[in-house]
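Down below is the structure, laid out as structure tokens.
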Amino acid sequence: MPSQLVDQYFRADKLPQIWCPGCGHGIITRAITVAIEQLGLDPDKVCVVSGIGCSSRAPGYLDFNTLHTTHGRALAFATGIKLANPELKVIVIMGDGDATAIGGNHFIHTCRRNIDLTAIIFNNNIYGMTGGQYSPLTPKFDKGTTAPYGNIDRTFDICDLAAAAGATYVGRGTSYHANVVTSLVKKGIMNEGFSLIEAISGCPTYYGRKNKKGGPVDMMQWQKDNAVTVTAAEKMTPEQLEGKFLIGEFKNKPEPEYTKEYQNIINNLQGRDV
Amino acid sequence: MKNEGLKANEVDYGKLIINADWCKGCGICTAFCPTKAIVLKNEKVTIADIDKCTQCGLCELRCPDYAIYVGRKKNEQKD
Amino acid sequence: MSKKIRLMQGNEACVEGAIAAGMKFYAGYPITPSTEIAELSAEKLPKIGGKFIQMEDEIAGMAAAIGASLTGLKSMTATSGPGFSLKQENIGYAAITEIPVVIVDVQRAGPSTGQPTSPSQGDMMQAKWGTHGDHPVIALCPSSVKETFDLTIRSFNLAEKYRMPVLLMMDEVIGHMREKVEIPDASDIEIIDRKRPTCSKEEYLPYKPEANLVPLMADFGAGYRYHVTGLVHDETGFPSNSTEIANDLVRRLVDKIEVNKEDIISWEEENTEDADIIIFAYGCVARAAKTAIKLLREKGIKVGLFRPITIWPFPEERLIELSKKTKMIIAPEMNLGQMVLEVERLCNKHTKIERLNKVNGEIIYPEEIIAKIEGVL
Ligand SMILES: Cc1ncc(C[n+]2csc(CCOP(=O)(O)OP(=O)(O)O)c2C)c(N)n1
Ligand code: SF4
Ligand code: SF4
Ligand code: SF4
Ligand SMILES: [Mg+2]
């Protein structure tokens, strides 16, 4: 049998995944299931929703109620599921392009509504599934198949965007720091409201190759060398932080949750009318 | 003692269990193993020196394909 | 018990019908001339423990309605022209994943923003071909307020029975006109619910069809833990690369309608027995046709009406039969000739077909139909 975790939460007969060797998505997917295990959630009440992309293939391997939707629209489907049945724990898996390009509008509005979903964006800085076109997360001057001379678009900071749009729990981990992803997802699920976890992933096949970042190991090493925890960063100078990125919990500020607020309306009306 | 819970393609090395069928040879586990207890051979993970393995679990944590994991299933560990 | 008779708007009748059918969820985005459907759903749903949500756009409205249906709630979304265009991708998603949902399109004049407050029948072919790929379509078309009530119920019943998106193709005139509606007792309304599995979780195959080609549908959260994808999938619900499975799936989705056509197709006929001329009309145009028929018959011209109620699937057989006995079919439409393409395809061999088209945002008047008929006689 595969490990107990895989045995319990994965559809082991579908493994190994279609992902390329060393793709960070598998590591992050596992980190999510560890969070589910540690919280002891009832798998029958867990729903995993995704869009379209390499990352969005994850739900097919997970033994929950799983929904692989259309490109960019996962949060809108998930909103319908959660509002219809608030008993379900709804987890949303999206790619960086999926969530912030085609799904950008759904993304900011789901943050704003503060509906109790936990979204994890697998950020590999590229459109993996379609073969390496630049995404809103491809760093400036990096290359993609549609940016042969270097990308001149500016990038989003997914976490800043989520926090500004109203997400009540926000954090970032990486595939190297898989334990950080687990603890953020755990707290995200516990947060009654919209939680956004950015998980930096590696696409060695397209982003790595196009930008001469080396193979899977080099990409993990880059994450290890450049991630700085929020607490460590507090003691560092701007010069020391140059070229680094932060990981950890950025925002944890509970606010009234959407489905609860809606239930209040129902209760008030029914108390009055019936 | 034989690990009855194993799948045909899994090998139990006492401290570690490896499923070579699932291993895609990315080298992540071997690169970040703190003790170099494991090594890549012919694009598959294999044991270098099982005595060095501290069962820290980092290989299991970072293997994208769940091809390596620590210890045995709890129910099999009892015997 | 006395029946409730109420004066109401077509859009209101749609919401009343939806609630009578068991609607518990609405997601959408406001757009003229469908907005009242959203407004009334927002008001009425929480009173009966249902849910309403105004999403950020029509794409999201379509998606949320599908998501809600997957948990077992009967759900609906309503829109008009531009919004109907935006919903198309996810309508295809509901078709391939076989998730029941009702989509109302209160047609307005297009293309693009066009004439937002003017009626049109410009989306009839979009209803059939709007989303990409071959897929099943059921589209109903009411021509009165009362019929809007009835057909909304029927839309839900068909969606549940055949596990698919069902389109209710209204138009601005029907949506905004007021008529008396007799609301039947709840006990007199036939309600169909999707068939859910009763087998064990291990035995459940989410996409294994029953004899009527429709698979059983488990609610998300009910313990069956299955996978739903817009990719071609086999009976287990998981993606497949098999050309044979792809072929079988797409054909079954379409055949689901084909083999159950008799149960689905409906139409209305008036004065067709002795008619020399048949007016083919639907939606609000059928109302003008009825007046024209009355006036023409007073003049001794034998005219009848054929009104498809299910636009898709199209009532082919009966129309062919009628065309063999008639000298002419005239097809007035508030578009440049959409459903007439079906009429021509089916009846060209048997009778003469005349078009009457209008796209200026005005309705078609009885006098225009009369003039057309008198002109070609
Ligand atoms: C409406 C639509 N537009 C475009 C596509 C093609 N497409 C599929 S996945 C994808 C991008 C995936 O990138 P990302 O979301 O970052 O996920 P990744 O594959 O990198 O994990 C695109 C453009 C599509 N499936 N649907
Ligand atoms: S293309 Fe990139 S993102 Fe997709 S599976 Fe391969 S490595 Fe992963
Ligand atoms: S458990 Fe730790 S020490 Fe043992 S092989 Fe894995 S990474 Fe190395
Ligand atoms: S990390 Fe996994 S897939 Fe990669 S070499 Fe090690 S065992 Fe094989
Ligand atoms: Mg990506």
Got a sec to turn the phi values of segment C:26-37 into Karplus ³J(HN,Hα) couplings, 6.51 cos²θ - 1.76 cosθ + 1.60 with θ = phi - 60°, whole Hz, x for Gly and Pro? 9, 9, x, 9, x, 7, 5, x, 9, 3, 4, 5
What residues have an amide H closer than 5 Å to that of C:I138, excluding those fewer than 5 places away on the same chain, when H is modeled at 1.01 Å from N in the peptide plane? C:L167
May I ask what percent, to the nearest 5, of DSSP beta bridges between residues of the protein assembly as shown are antiparallel? 35 percent
Prolate/oblate/rounded call for segment C:1-61, Cα gyration tensor, a/c under 1.5 rounded: oblate
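Would you mind counting up the charge near C:M169? Only other residues with Cβ under 10 Å from its Cβ, with Lys and Arg at +1 and Asp and Glu at -1.
Numbers: positive: none; negative: C:D105, C:D123, C:D171.
Value of the local net charge: -3.
Over segment B:24-72, what is the relative contact order in percent, taking alpha-carbon pairs closer than 8 angstrom and at least six residues apart? Write down the numbers at each step before the final one.
Details: 66 pairs, mean separation 16.1, N = 49.
Taking the mean separation of contacting Cα pairs over the length of segment B:24-72, I get 33 percent.
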What is the interface area between chains A and C, defined as buried accessible area summed over both chains with a 1.4 Å probe, reported in Å² to the nearest 100? 3300 Å²
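By DSSP, what percent of the beta bridges with both residues in chain C are antiparallel, rounded to the nearest 5?
Working: 16 of 50 bridges.
Rounded to the nearest five, the antiparallel share is 30 percent.
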Complex-versus-alone comparison for segment C:61-85, residues with a loss of 30 Å² or more in accessible area, probe 1.4 Å: C:A63, C:G67, C:T71
Ignoring ligands and nucleic acids, what accessible area does C:I265 show with a 1.4 Å probe (Å², nearest 10)? 30 Å²
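If you average the sequence gap of Cα pairs under 8 Å that are 6 or more apart and divide by the length of chain A, what percent do you get for the contact order?
Details: 590 pairs, mean separation 48.8, N = 274.
Relative contact order here is 18 percent.
May I ask you to derive the relative contact order of segment C:269-376, considering only C-alpha pairs under 8 Å and at least 6 residues apart, and to give it as an integer percent?
Working: 173 pairs, mean separation 32.6, N = 108.
Taking the mean separation of contacting Cα pairs over the length of segment C:269-376, I get 30 percent.
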Local electrostatic count, C:K352, Cβ distance below 14 Å [Lys/Arg +1, Asp/Glu -1]: +3
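Ignoring everything except DSSP H segments at least 4 long, calculate the 222 nm mean residue ellipticity for chain A; use -39,500 (n - 2.57) per segment, divide by total residues, nearest 500.
Details: 10 runs with 99 residues, N = 274.
The helix-only estimate for chain A comes to -10500 deg cm²/dmol at 222 nm.
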Residues along segment C:88-121 losing 40 Å² or more of accessible surface when the other protein chains are present rather than the chain by itself (probe 1.4 Å): C:E89, C:Y93
Using the alpha-carbon centroid of each, what span in Å lies between segment A:1-53 and segment C:323-366? 57 Å
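How do A:I265, C:I59 stack up against each other in accessible area, from largest to smallest, with a 1.4 angstrom probe? Don't jump to the answer; show the numbers that get you there.
Values: A:I265 80, C:I59 25 Å².
Result of the area sort, largest leading: A:I265, C:I59.
For n ≥ 4 DSSP H runs only, could you compute -39500 (n - 2.57) per run for chain C, divide by its residues and tell me the 222 nm figure to the nearest 500?
-11500 deg cm²/dmol
For chain A, what is the percent of antiparallel DSSP beta bridges, rounded to the nearest 5? If you can, show how the numbers build up before the last one.
Numbers: 7 of 37 bridges.
If we restrict to bridges inside chain A, about 20 percent are antiparallel.
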Amide H contacts under 5 Å for A:T229, placed H, 5+ residues apart: A:I247
Quick check for you: with a 1.4 Å probe and neighbouring chains kept, what is the accessible area per residue of chain A, in Å²? 38 Å²
With +1 at each Lys and Arg Cβ and -1 at each Asp and Glu Cβ, the charge dipole magnitude of the protein assembly as shown around its Cα centre, to the nearest 20 debye, comes out at 1140 debye
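In peptide A:19-27, what is the residue-averaged number of other protein chain Cβ atoms found within 10 Å of each Cβ? Please list the in-between numbers first.
Values: counts 3, 3, 9, 8, 4, 3, 1, 9, 7.
The shielding value for this peptide is 5.
Exposed loop chymotrypsin sites (Phe, Trp or Tyr not before Pro) only (DSSP loop, at most 15 other Cβ atoms within 10 Å): please give the longest stretch of chain A free of them, not including the sites. Intermediate values should be presented prior to the final figure.
Details: sites that count: A:F141, A:Y149.
Between exposed loop sites, the widest span is A:1-140.
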With a bin width of 20 angstrom, please list the P(r) values of the protein assembly as shown as percents of all Cα-Cα pairs, from the 0 bin to the one holding the largest distance. 16, 43, 28, 11, 2, 0
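Find, among the GluC sites (Glu not before Pro) in segment C:219-328, those assigned to loop by DSSP (not H, G, I, E, B) with at most 15 other beta-carbon atoms within 10 angstrom.
Working: sites: C:E235, C:E244, C:E258, C:E262, C:E268, C:E269, C:E270, C:E273, C:E298, C:E316, C:E317, C:E321; in loops: C:E235, C:E273.
Of the GluC sites (Glu not before Pro), the ones in loops of segment C:219-328 whose Cβ has at most 15 other Cβ atoms within 10 Å are C:E235, C:E273.
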Amide H neighbours of C:A78 at under 5 Å, excluding residues fewer than 5 places away on the same chain, with H built from the backbone geometry, are C:Y29, C:V104
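Tally up the carbon and sulfur contribution to the accessible surface of the protein assembly as shown as a whole percent, 1.4 Å probe, everything protein left in place. Write down the numbers at each step before the final one.
Details: 14740 of 28520 Å².
The nonpolar share, carbon plus sulfur, comes to 52 percent.
What accessible area per residue comes out for segment C:200-294, rounded to a whole number of Å², with a 1.4 Å probe? Provide the component values of the computation, followed by the final result.
Working: 4180 Å² over 95 residues.
Dividing the accessible area of segment C:200-294 by its residue count gives 44 Å².
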In segment B:11-28, accessible area falls by at least 30 Å² from chain alone to full assembly (1.4 Å probe) for B:W22, B:K24, B:C26, B:I28
Using θ = phi - 60° and the Karplus relation 6.51 cos²θ - 1.76 cosθ + 1.60, list the HN-Hα couplings for segment A:130-147 in order, rounded to whole Hz, with x at every Gly or Pro. 8, x, x, 7, 6, 10, x, 10, 6, x, 4, 6, 6, 10, x, 4, 9, 10
So, in Å, what gap is there between the alpha-carbon centers of segment C:44-65 and segment C:256-319? 35 Å
C:R178 - accessible surface, heavy atoms, 1.4 Å probe, Å² rounded to 10: 140 Å²
Expressed as a whole number of Å, what is the distance separating the alpha-carbon centroids of segment A:110-188 and segment C:103-170? 38 Å
Proximal charge balance of C:Q88 [Cβ under 15 Å; K/R count +1, D/E count -1]: -3
Using protein heavy atoms only (no ligands, DNA or RNA), what is the total accessible area buried between B and A, 1.4 Å probe, nearest 100 Å²? 2300 Å²
Once phi is turned into ³J(HN,Hα) by the Karplus curve 6.51 cos²θ - 1.76 cosθ + 1.60 with θ = phi - 60°, what whole-Hz value does each residue of segment C:355-364 show in order, with x for glycine and proline? 9, 9, 10, 9, 9, 8, x, 9, 6, 8
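The values are calculated or read from the model by the stated rules, or taken from the named source; none is laboratory data. Computed from a prediction, not measured in an experiment: that's the story for all the values here. Cβ coordinates were reconstructed from backbone atoms using ideal geometry, including for glycine residues, and neighbour counts include every protein chain displayed. For accessibility, only protein heavy atoms count, side chains too; no ligands or nucleic acids. Shrake-Rupley method; radii C 1.70, N 1.55, O 1.52, S 1.80 Å.
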